[in-house]
Amino acid sequence: MSESPTSCYVSLNEIGPHGGELFETTMLARASWYENGQHGGVVAALMTRAVDRQPSLTSMEVARVTVELFRVVPVDRLEVVTNLIREGKKIQTTEVRLYVGELEVAHGLVQRLRVTDLDRDFENTPAPAPLMAADVVPFGNVMPFPSDGGAAFGRTTVQVVEVTGTFAEVGATTAWFRINNSLVDGESLSPIERAVITGDFSNGLTRKAQPYEVVFMNSDLSLRFARPPVGEWIAITGESIWERTGRGAAHARLFDELGEFAHAGQTLFLDHAAR
């Protein structure tokens, strides 16, 4: 693997033992809080990518993504396996399984719906605030990531513009995100991939304690789309519920320059931070 990767994954252009596409993971996919674990957003985006590229009977777009993260996904060779479980002209649903060798590390369902034109417009919530280029900073400048110096997804490839609140402090924050690197080597980041990655920041965006105080790991990620986003910047705002029993939930709304286009949700596992 490259010492200075420019993408999270490299396709090996090979079929794995379960019949899926094989990928080599780079350190750019690593989450800053793991020594050898991947960011859940890029994992979910890789699984979504496999479905977004498959054929359909009519013109369709991704409408829902639900990914179960069974365990920390290691920075390792991955196999993405798809199984079409419902084909139709209005609704298509595909199961996606992610393997490291023989071990299934994540499972998902991706639903696509037919694209149509209702010949009328609807009023939706506008974007939270205009982007100001002077306010763009690396995500690592505002989020308290561990400083191990190695390549990692959030610290290395994400830029933000904070609108309300700040990642440096506990409490809900509204911010614009831009992902600067590609998901798969040689490919442009698709609008849906960009949105899935951004949606996974919901728990950090709405946290009620610092990561060195409480672990707030999401065990899943779900997104529901009214449409794909436009442009490179996506704004996200949300809220979370935490309970002392170790359970929580995060919810976020996603915006582009045209306004609100999707909702994201996560189930949270809360625990004592390592000391």
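In whole Å, largest first, what are the principal axis extents of the Cα atoms in segment 1-118?
48, 31, 25
Once amide H atoms are built 1.01 Å from N in the peptide plane, which residues 5 or more positions from Asp220, or in another chain, come under 5 Å H to H?
Leu69, Thr267
Order 70-77, 253-260 from most to least packed using the mean count of other Cβ atoms within 10 Å.
253-260, 70-77
By how many nm would the segment from Ala168 to Val115 grow when fully extended, if each residue of separation counts as 0.36 nm and the alpha-carbon distance is taken off?
Going from the current span to full extension adds 15.0 nm.
So how many Å³ per residue does the convex hull of the Cα atoms of the chain work out to? Present the calculation step by step, with values, prior to reporting the outcome.
Numbers: hull volume 37.3 nm³, N = 275.
Expressed per residue, the convex hull around the Cα atoms of the chain is 136 Å³.
Over all alpha-carbon pairs in segment 133-176, figure out the percentage whose distance exceeds 11 Å.
65 percent
When only alpha-carbon atoms are used, what values of Rg and Dmax, in angstrom, describe segment 150-239?
My reading of the Cα-based Rg and Dmax gives 13.5, 39 Å.
If only Cα atoms are counted, what is the Rg of segment 61-102, and what is its Dmax, in Å?
Considering segment 61-102 through its Cα atoms, Rg and Dmax are 12.9, 38 Å.
Taking the simple approach of a point 7 Å from Cα along Cα-to-Cβ for both Arg227 and Ser11, what is their distance in nm?
Those two pseudo-labels are separated by 2.8 nm.
Once you treat every alpha carbon in segment 44-175 as an equal point and sum by Debye, what is log10 I(q)/I(0) at q = 0.10, 0.11, 0.16, 0.18 Å⁻¹?
-0.54, -0.65, -1.05, -1.08
Which is farthest toward the positive dipole end of the chain among Gly140, Thr66, Ile179, measuring Cα position about the Cα centre, with Cβ charges +1 (Lys, Arg) and -1 (Asp, Glu)?
Of the listed residues, the answer is Thr66.
Which whole-Hz couplings ³J(HN,Hα) result when phi for each residue of segment 133-144 is put into the Karplus expression 6.51 cos²θ - 1.76 cosθ + 1.60, θ = phi - 60°, listed in order with x for Gly and Pro?
Per-residue couplings from phi come out as 4, 5, 8, 6, 9, x, 4, x, 6, 10, 9, x Hz.
Could you give each residue of segment 202-211 its phi-based ³J(HN,Hα) in whole Hz, using Karplus coefficients 6.51, -1.76, 1.60 with θ = phi - 60°, and x for Gly or Pro?
3J(HN,Hα) across segment 202-211, in whole Hz: 4, 5, x, 5, 10, 5, 10, 7, 6, x.
How long are the three semi-axes of the equivalent ellipsoid for segment 212-275, computed from the Cα gyration tensor as the root of 5 times each eigenvalue, in whole Å, largest first? Provide the component values of the computation, followed by the final result.
Working: eigenvalues 162, 27, 16 Å².
Output for segment 212-275: semi-axes of 28, 12, 9 Å.
Using Stokes-Einstein with the Kirkwood hydrodynamic radius over Cα pairs, what translational diffusion coefficient do you get for segment 83-239 at 25 °C and a viscosity of 0.890 mPa s, in µm²/s rounded to a whole number?
In µm²/s, the coefficient rounds to 136.
Work out the P(r) tail for segment 187-226: percent of alpha carbon pairs separated by more than 17 Å, whole number. Don't jump to the answer; show the numbers that get you there.
On the way: 329 of 780 pairs.
When every Cα pair of segment 187-226 is considered, 42 percent fall beyond 17 Å.
Tell me which trypsin sites (Lys or Arg not before Pro) from segment 91-179 have a DSSP coil assignment and no more than 14 other beta carbons within 10 Å of their own.
Filter output for segment 91-179: Arg120.
Quick note: the coordinates plus some simple rules give every number you see, no bench work behind them. What you are looking at is a predicted structure, and each value in this text was computed from that prediction instead of being measured. We place every Cβ from the backbone using ideal geometry, glycine too, and count neighbours over all the protein chains shown.
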